[in-house]
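So the structure is just underneath, and the comments pick up after that.
The values are calculated or read from the model by the stated rules, or taken from the named source; none is laboratory data. Please read these numbers as outputs of a predicted model, since none were measured by experiment. Counting neighbours? That spans all protein chains shown, and the Cβs are built from the backbone with ideal geometry, glycine included.
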Amino acid sequence: MTDEDLSDLTGPVRAELTRLRAERVVFVAEREKLLAQLREADDNARELLADRDRLAARVAEFDERLAGQDDQESRGAALDAELASARDEREALRAELTRTRAERDGLRLRLLDAELALAGATPPEAPPAANADARDLVAAAEARAAHLARELDATRATVSWRVTAPLRAVRRGRSR
């Protein structure tokens, strides 16, 4: 509908149409944000899979080293410790991969919810009760976004997040 067509509408209808367009912009922005988060979660999952594969190769290499050594008493203890460390790291990465996949799935569900809400936007001739439902959906989405932002800030404020920052920086530098 063009601006010329809007001049034929009454003031309340024009105002409602403008409000609905603004809500649509909000929903589209939320969708784009969720898509970006989903892409980031997928990238993290790919990185974790690559790390897991590298660790599996290291474990296989350690297993081969152990099989080929003559002096297992002196070297075996050191390799066993290194192998155990590699296995622990692999398990930690598997756990992180599981968490990342769960987060990705959650983001996909949120994206689907946002797309459904966007597709189900109320037409201008809908009763005011339907508009209230749409406003409630927007308010719920905004509250969820604020909650997630607080949760992310809390995570980034933890000691473990700050301590592992150099490791993440090295990993990002290595993957580029």
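Couple of notes before you dig in:
- Scanning region 84-95 for residues that are surrounded by 12 or more Cβ atoms within 10 Å (Cβ to Cβ), at pLDDT below 85 and part of a helix (DSSP H, G or I) turns up nothing.
- Filtered residue count, region 34-44, keeping only those that are surrounded by fewer than 17 Cβ atoms within 10 Å (Cβ to Cβ) and either in contact with a Leu (Cβ under 7 Å, 6 or more places away or on another chain) or in contact (Cβ under 8 Å) with a residue 12 or more places away in the chain (or both): 2
- Count - residues of region 36-83 that are more than 30 Å from residue 111 (Cβ to Cβ) and either modelled with pLDDT of 90 or more or among the aliphatic types (A, V, I, L, M) (or both): 14
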